[in-house]
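Shown next, in C-alpha cells, is the structure this report addresses.
Coordinate-derived values only; no laboratory data. In this text, all values refer to a predicted model and were calculated from it rather than measured experimentally.
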Amino acid sequence: MNRVQLNMLDILKRLHDEHDIIGVKAEFEAEGSRINELVQLNEIVCRAQTHLFIKIGGCEAVTDLDSCRMLGVKGVIAPMIESSFAMKKFFGAAQKAYNDELINLECLINIETVTAHSNLDAILQAGKGFLKGISIGRVDLSASMGLTRADINSDTVFSAVKDIAERAKTEGMLVNFGGGISFDAVPFIQKLYPLNDRFETRKVIFRGGNDETKLKAGILLAMEFETLYL
C-alpha cells in the first residue's frame, strides 16, 4: 500500500472502531470505477474489517454484478428503479450472476425520483423475498420534485423521504438514505431516526442515530476518507 492508501486505512479503522460503520460504498454507475481501483479499495475495506457495497450501472448490469461477486461484496445497489418491471429485471440479473450464492448478498435499490415514489408499493411487492431494502437518494429526488440542491434539507424533501421510509418499513425493508450529507444534514438525520436504519455520505455507510456530536464526528472522518479516495 502507498501512503495515501495507508492513511485511508487508518481513517477507516477509526470509523469502524469509533462509529461502528456498516461499510464503504463504491460505484460503477456515476463514478465509473475500474476493477483495479475496486480491488485496491476492497483490500483497504477488508483490512479495516468492514464491508464493501457497490452501486451497479443499472437494473440489468450483469457484468457489474459478476465483478461484485468476484470481489465478494456485502451488498449491491441498483440505481433508478422506478417500476415493478425494473425491479424484476434487477432480480433476474442478480439471479443470473449469483445463482445459489444470491442468498448471501444484500440487494438494495435506489428510490430517487417522484416516479419511483409514486410506484413504491408495486416496486416493493415485486421485490418481496429478494429485496433487502431501499436507499433514498435525496439529490435526484429533490431535483425530480423541481427543487434545487439548496432545498435538500427542506421540510418538503423530508416529508417525501419520511413517507418512503415509512412505507418501506411497513414491508419489512431496511431503510438507508444519502445525498448531500454534511453538517447541514444533521438535523434531518436526527429527525428521521429511527425510521432509517442507515445513512450514507458519498463513500461511507453509517448506522442511523441522533447524537449530534457523534454524527458530526463521523461525517468529518468520512469526508477525510473521501478526500483521500477521490
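Observations, loosely collected:
- Mean Cα-pair separation over length for the chain, i.e. relative contact order, pairs under 8 Å, 6 or more apart, %: 18
- Considering all C-alpha pairs of segment 134-184, those separated by over 16 Å amount to 36%.
- Per residue, the Cα convex hull of segment 3-229 amounts to 108 Å³.
- An ellipsoid equivalent to segment 60-173, defined through the eigenvalues of its Cα gyration tensor, has semi-axes of 27, 15, 12 Å when rounded to whole angstrom and sorted largest first.
- Zero-based 10 Å bins, Cα pair distances in segment 143-230, whole percents: 16, 49, 31, 4
- Pairs spanning more than 22 Å between alpha-carbon atoms, out of 191/216; 13/162; 13/191; 132/162; 74/132: 13/162; 13/191.
- Our coupling estimate for segment 188-199, obtained by passing each phi through the Karplus curve with A = 6.51, B = -1.76, C = 1.60 and θ = phi - 60°, is 4, 4, 5, 5, 6, 5, x, 4, 8, 7, 9, 9 Hz, Gly and Pro reported as x.
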